[in-house]
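Read the structure below first, then the notes.
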Amino acid sequence: MFKLKSFYVHAFIYVIGLLIYVLKDYYGVPFNFFPIRCINSVVMVIWTSVFLVSAIDLFASYKIFDEEWEERKMKSLLDKKTKTQKWE
């Protein structure tokens, strides 16, 4: 749940950054203070790449590794540990 919430926060900030980039580069709105002045095409390409990779990672991991997979994996690890443990 935490990963999903942080992804939505990142998506919200990304949309704001994308909006500022479009306003600044295509409509000529003068944003002349430090962090917004540094938003250019290179920064947006890198940010978009990171955003897409995190989206694919999040949703692919939920799709491939669901709760049933996690429960099976935990059960197999616990079974393996109890089999190798020697009780004296």
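The values are calculated or read from the model by the stated rules, or taken from the named source; none is laboratory data. Remember, predicted model here, so these are calculated numbers, not experimental data. FYI the Cβ positions are ideal-geometry reconstructions off the backbone, even for glycines, and counts take in every protein chain you see.
Filter region 14-58 down to residues that are within 29 Å of LEU4 (Cβ to Cβ) and small (Gly, Ala, Ser) and give me whichever is surrounded by the most Cβ atoms within 10 Å (Cβ to Cβ).
So the residue we want is GLY17.
Would you check which residues across region 5-49 are in contact (Cβ under 8 Å) with a residue 24 or more places away in the chain and aromatic (Phe, Trp, Tyr) and list them?
Listed by number, the residues that qualify are PHE7, TYR14, TRP47.
Could you tell me which numbered condition ASP66 fails, if it satisfies all but one of (1) within 22 Å of the chain's Cα centre (by Cα); (2) at pLDDT 80 or above?
(2)
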